[in-house]
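Each reported figure results from applying straightforward, stated rules to the coordinates on display, with no laboratory input. The structure displayed is predicted, hence computed values, not measured ones. Cβ placement follows ideal geometry from the backbone for every residue including glycine, while neighbour counts extend to all protein chains displayed.
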Amino acid sequence: MNPNCNAIVPNGGRATAEARGDSNPATGPGQKRLEAAERVLRGERLRWLLGKKKELVQTGNVFGKTMTDVRYERMLSEVSHTELERELVLMELETGPKGVPEVAAATGLAGPVVFRHIVMLMKARRVESKGERDGIELWGPVETGAKK
């Protein structure tokens, strides 16, 4: 098993359903986290970072500055964690327009964390405002025009 997977799925993905808080591992929050982790691993940002390890650790960046293996692993872990959270938010919004409090409740993330991810997803043109309900802004994925 790739040791970098531990940064995305705690315990290398070996946690039991009870430890994750799932009653049904096939449909519970643990399954959503696994799906989000798979999406992160298929994503460009993490793959780019994995491909740059040798350059960042041995050769150096554009300024010739190298980083230690420990610093690289910490950065990889932080990026993995952030991308996992962001994918969880996006996956929740793909089920229909929701406000920050709804997404926070569904993902288990704090409201301010969800809001920061929505802002970043909005900057990347992956989510947009879908209106308002009871004074709360609703967010959803940007419609691309082509249905899969």
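Neighbour counts of other Cβ atoms within 10 Å put ARG125, ARG33, ARG74 in the fewest-to-most order ARG125, ARG74, ARG33. Hand me the chymotrypsin sites (Phe, Trp or Tyr not before Pro) from the range 47-90 located in a DSSP loop with no more than 14 other Cβ atoms within 10 Å, in residue order please. Passing both the DSSP loop test and the Cβ count: PHE63.
Applying 1/(1 + (r/R0)^6) with R0 = 25 Å to the Cβ-Cβ distance of ALA110 and THR59, what FRET efficiency is obtained, to the nearest 0.05? The computed FRET efficiency comes out at 0.05.
Inter-label distance, ASP134 to MET120: 2.8 nm, where each label sits 7 Å from its Cα along the C-beta direction. Between THR144 and GLN31, the FRET efficiency estimated from the beta carbon spacing at R0 = 30 angstrom works out to 0.70. This model, with +1 at the C-beta of Lys and Arg and -1 at the C-beta of Asp and Glu, gives the range 34-146 a dipole about its Cα centre of some 620 debye.
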